[in-house]
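To start, the structure under review is shown below, and the notes come after it.
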Amino acid sequence: MNDTKASTVGRDWWAPRALVALSIASFLLWSAVFVYRSSFIALDGQRYFSLFDDAMISMRYAWNLSHGNGLVWNAGERVEGYSNLLMVMVMAIPNLLLEKRLAALAVQILGVLVMLGNAWLVMRVARMVFSDEDAKTSQLMASLAFVGTLSYYPLTFWSLMGMETGLLTCLLLLGVLGYLRSATTKRTSWLAMTSLSLGLAFLTRPDSLVPSAVILAFTVTELFRLQGRSKQAIVRSGMILAGVGLLGLAQLIFRLLYYREVFPNTYILKLVGMPLGIRLSDGLGFVLPFMVSMSPLFALVAVGMLTRPTRWKLMFLSTAVAVLGYQVWVGGDAWPLWRMLAPAFPFLLMIALHGSSYLALGTRADAPRPILARALIAMMGLYLVSWPFTNRNPRLTGGIGPADVLLIALGASVAIVGLFWPRLSRLVTGPQGHRLLAPAFTGLVLMSSNLAFMAEIVFRVAPYTVEENVEMVNRAIAISQVTTSEATVGVFYAGAIPYYTGLRAIDFLGRADKHIARLAPDLSGATGWYGMRSVPGHNKYDLNYSIVELQPTYVQNVRWGRQDIADWFFLNYEVVVHRGVLLRLRQDDPNVLWDRLVPEE
């Protein structure tokens, strides 16, 4: 592009850059409110920035590591109860430098930065894959990709609540960027970045090997396609695979030497003993609501794939399918915010944007496109109309509220626009008017993808599980006030209470307990929810072992699945209230400071 043309584009098409700047400012402001809303004043009068409870498990490992106890959950007990080694290593830094509640805040701030990094990487990738479009369209699509990535709530939620989801997405995108840059520049350094990024992704979550394998396969085949079966292509391919393989081998050697295990305890807990048929059935039951919620996005993905198929689209779609397929294979997940599916969103978004640009820019020149565009707009509108009647947030009051009425009105308006687009489009003259259809499509896709989380996005309700975080942190503080440092805690929520008390803990669900992890899973349906018969990581338990035999000082609860040991429990434990917090403490335990109990304040 010559200088004159470049300056013209910059002068005439400033809106995409302004859109990026506005989205950054809005995201920073929204994130600040989110972090504040997820924090709370606890029992001791201080503000706590507690993360998602599973992230707090990683924080306990990080705290022990940074304070000389080793990479362990309980000092002296080597159990690999994490599946995110790189995230634990990152968490060790704030845990070394800050007090616990502020270390949690530092991890949330890191999540904000990771999300901005994800959006930037998606924009860089989008600029490359949209390079065959005219300059204005390419710039617009890249900006929409930036905004869309920041706007997808599940990806943002898990990143800001301390989970490794955002970091994993970042590393996968880095791997893709290296692949695309190496294909255009032929520089080995970009291939090295792909190899290192995907290797670090494996350390972030070993199951990232599934989407990474897709990216690696496309990278290697592209090398051989461009260079043939040359010595250089073979050497470069070996280098790419070695980067991932060596990091994976290093982690395996560390696990063998440190934990004396071939597989992490989390793998044994979630997969060993689970019949494949039940896993697949549960996985499909869990993924189906995701597929329904993303149906407008998938419609545009289909348009993008069918109308202008390209190699990069095939790679992105294959990567997303690999993520979805793995979620089905492992049997689902415990939480309905698509923790393991969210990394697929940026890849699907870029294909959808290509589909929307095809529809938007061809509405006058190509006869089939206006019909397809109108049909998709009308379908999205009807989808918005149907949502309040078919999907309800259990944390909201029943019935149709004012927000639902607005959504129905918006959906009806969108459907009408789709049906009468030819007449309405005459009101907008020039090519710019049709280019505006692409942002409109993107906005509708983002809205439909986020509908289930809209109450949290607009802060009508607190972020998911924050109420539980408040309860667990207050219990941790209360336990610390009425027990000695030799007390033990038995928990189902294995994060906040062990982290903030620092006491030796017993994990009732086996993430950090080898005995529980090796039990047979409960397949009765008693530990099933969200379309699953037996939720992985929550279907192995033995309360007789964890409570009756080990007798922790504090017990979180006495019922799970098909087991209820209440009769034995009330003969050996006391249910007390300390400063408004209910505690279950073992009778005659010398580690309970009974005289410090304050029933009422």
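Report yes if some residue within region 472-482 is under 24 Å from the mean Cα position of the chain (by Cα) and not aromatic (Phe, Trp, Tyr); otherwise report no.
yes
Which residues, taken from region 25-49, are at pLDDT below 95 and among the β-branched types (Val, Ile, Thr)?
Answer for region 25-49, where residues must be at pLDDT below 95 and among the β-branched types (Val, Ile, Thr): just Val33.
Checking Ala21 against (1) in a loop (DSSP other than H, G, I, E, B); (2) open to solvent by 30 Å² or more (accessible area, probe 1.4 Å), which single condition isn't satisfied?
(1)
Could you check Val244 against (1) closer than 18 Å to Phe202 by Cα; (2) of a type in the set (Val, Ile, Thr); (3) loosely packed, with under 13 Cβ neighbours inside 10 Å and say which number it fails?
The single condition Val244 does not satisfy is (3).
May I ask you to list the residues in region 85-115 that are open to solvent by 60 Å² or more (accessible area, probe 1.4 Å) and either touching a residue at least 24 places away in the same chain (Cβ under 8 Å) or touching a strand residue (DSSP E or B) at 6+ places or on another chain (Cβ under 8 Å) (or both)?
If the condition is that a residue be open to solvent by 60 Å² or more (accessible area, probe 1.4 Å) and either touching a residue at least 24 places away in the same chain (Cβ under 8 Å) or touching a strand residue (DSSP E or B) at 6+ places or on another chain (Cβ under 8 Å) (or both), then Met89, Ile93, Leu96, Ile109 are the ones that fit.
On the given criteria, is Val176 under 20 Å from Met87 (Cβ atoms) and either in a helix (DSSP H, G or I) or among the aromatic types (Phe, Trp, Tyr) (or both)?
Numbers: under 20 Å from Met87 (Cβ atoms): no; either in a helix (DSSP H, G or I) or among the aromatic types (Phe, Trp, Tyr) (or both): yes.
In short, no.
What's the total number of residues in region 147-173 that are in a helix (DSSP H, G or I), more than 16 Å from Arg205 (Cα to Cα) and open to solvent by less than 10 Å² (accessible area, probe 1.4 Å)?
Of region 147-173, the ones in a helix (DSSP H, G or I) are 147-151, 153-160, 165-173.
Those left that are additionally more than 16 Å from Arg205 (Cα to Cα): 147-151, 153-154, 156-157, 160.
Checking the rest, the ones that are also open to solvent by less than 10 Å² (accessible area, probe 1.4 Å) come to 148-149, 153-154, 156-157, 160.
Here the count works out to 7.
Would you be able to say whether some residue in region 509-517 is part of a loop (DSSP other than H, G, I, E, B), in contact with a strand residue (DSSP E or B) (Cβ under 7 Å, 6 or more places away or on another chain), within 14 Å of Ala487 (Cβ to Cβ) and open to solvent by less than 50 Å² (accessible area, probe 1.4 Å)?
No, that holds for no residue.
Checking Gly502 against (1) in contact with a strand residue (DSSP E or B) (Cβ under 8 Å, 6 or more places away or on another chain); (2) within 13 Å of Ile57 (Cα to Cα), which single condition isn't satisfied?
In the conditions (1) in contact with a strand residue (DSSP E or B) (Cβ under 8 Å, 6 or more places away or on another chain); (2) within 13 Å of Ile57 (Cα to Cα), Gly502 misses (1) alone.
Going by what's in this entry, would Leu256 be described as out of contact with any strand residue (DSSP E or B) (no Cβ under 6 Å at 6 or more places or on another chain), more than 21 Å from Gly525 (Cα to Cα), without any contact (Cβ under 8 Å) to a residue 24 or more places away in the chain and among the aliphatic types (A, V, I, L, M)?
yes
Can you confirm whether Ala452 is assigned to a helix (DSSP H, G or I) and either crowded, with 18+ Cβ neighbours inside 10 Å or among the acidic types (Asp, Glu) (or both)? Step through it out loud before you land on a result.
Working: assigned to a helix (DSSP H, G or I): yes; either crowded, with 18+ Cβ neighbours inside 10 Å or among the acidic types (Asp, Glu) (or both): yes.
Criteria met by Ala452.
Can you give me the number of residues within region 258-278 that are under 18 Å from Leu86 (Cα atoms) and assigned to a helix (DSSP H, G or I)? Before you say what the answer is, go through the steps one by one.
Of region 258-278, the ones under 18 Å from Leu86 (Cα atoms) are 258-259, 263-267.
Cutting the leftovers down to assigned to a helix (DSSP H, G or I) gives us 258, 265-267.
Qualifying residue count, region 258-278: 4.
List the number of the failed condition for Val122; all other conditions in (1) open to solvent by 10 Å² or more (accessible area, probe 1.4 Å); (2) in contact with a Pro (Cβ under 7 Å, 6 or more places away or on another chain); (3) not acidic (Asp, Glu) hold.
(1)
Go through (1) open to solvent by 20 Å² or more (accessible area, probe 1.4 Å); (2) more than 30 Å from Pro289 (Cα to Cα) and name the single condition Val555 misses.
(1)
Which is crowded, with 21+ Cβ neighbours inside 10 Å and touching a helix residue (DSSP H, G or I) at 6+ places or on another chain (Cβ under 6 Å), of Leu269, Leu177, Leu196?
Leu269
Name every residue in region 558-592 that is touching a residue at least 24 places away in the same chain (Cβ under 8 Å), among the hydrophobic types (A, V, I, L, M, F, W, C) and open to solvent by less than 40 Å² (accessible area, probe 1.4 Å), in order of residue number.
Val558, Val581, Leu583, Leu585, Val592
Cβ-Cβ below 8 Å, separation at least six or inter-chain, first residue in region 122-139 and in contact (Cβ under 8 Å) with a residue 40 or more places away in the chain and in a helix (DSSP H, G or I), second surrounded by fewer than 19 Cβ atoms within 10 Å (Cβ to Cβ) and hydroxyl-bearing (Ser, Thr, Tyr): which pairs?
Note: pairs meeting the criteria are Met128/Thr184; Val129/Thr310.
Just checking, which of Ala183, Ala142 is within 23 Å of Leu314 (Cβ to Cβ), open to solvent by less than 10 Å² (accessible area, probe 1.4 Å) and part of a helix (DSSP H, G or I)?
Just a single option satisfies the conditions, and that option is Ala142.
Would you mind stating whether Gly531 is in contact (Cβ under 8 Å) with a residue 12 or more places away in the chain and either assigned to a loop (DSSP other than H, G, I, E, B) or among the acidic types (Asp, Glu) (or both)? I'd like the intermediate steps shown before the answer.
Working: in contact (Cβ under 8 Å) with a residue 12 or more places away in the chain: yes; either assigned to a loop (DSSP other than H, G, I, E, B) or among the acidic types (Asp, Glu) (or both): yes.
Yes: the conditions hold for Gly531.
Would you be able to say whether some residue in region 212-232 is in contact with a Leu (Cβ under 6 Å, 6 or more places away or on another chain), open to solvent by less than 50 Å² (accessible area, probe 1.4 Å) and at pLDDT 95 or above?
yes
Just checking: which of the helices (runs of 4 or more DSSP H) contained wholly in region 279-367 hold 1 or more residues that are open to solvent by 10 Å² or more (accessible area, probe 1.4 Å), touching a Lys or Arg at 6+ places or on another chain (Cβ under 8 Å) and at pLDDT below 90?
So the answer is 345-361.
Within region 45-84, take every residue that is open to solvent by 60 Å² or more (accessible area, probe 1.4 Å) and part of a loop (DSSP other than H, G, I, E, B) and give me the one that is nearest to Pro206 (Cα to Cα).
Arg78
Can you name every residue in region 187-207 that is within 16 Å of Gly238 (Cα to Cα) and in contact (Cβ under 8 Å) with a residue 40 or more places away in the chain?
Result: Thr188, Leu191, Ala192, Thr194, Ser195, Leu196, Leu198, Gly199.
The values are calculated or read from the model by the stated rules, or taken from the named source; none is laboratory data. Remember, predicted model here, so these are calculated numbers, not experimental data. Quick reminder, even Gly has a Cβ in these numbers, built from the backbone with ideal geometry, and neighbours come from all protein chains shown. Accessible surface is based on the protein model in full, side chains and every heavy atom, while ligands, DNA and RNA are left aside. Shrake-Rupley method; radii C 1.70, N 1.55, O 1.52, S 1.80 Å.
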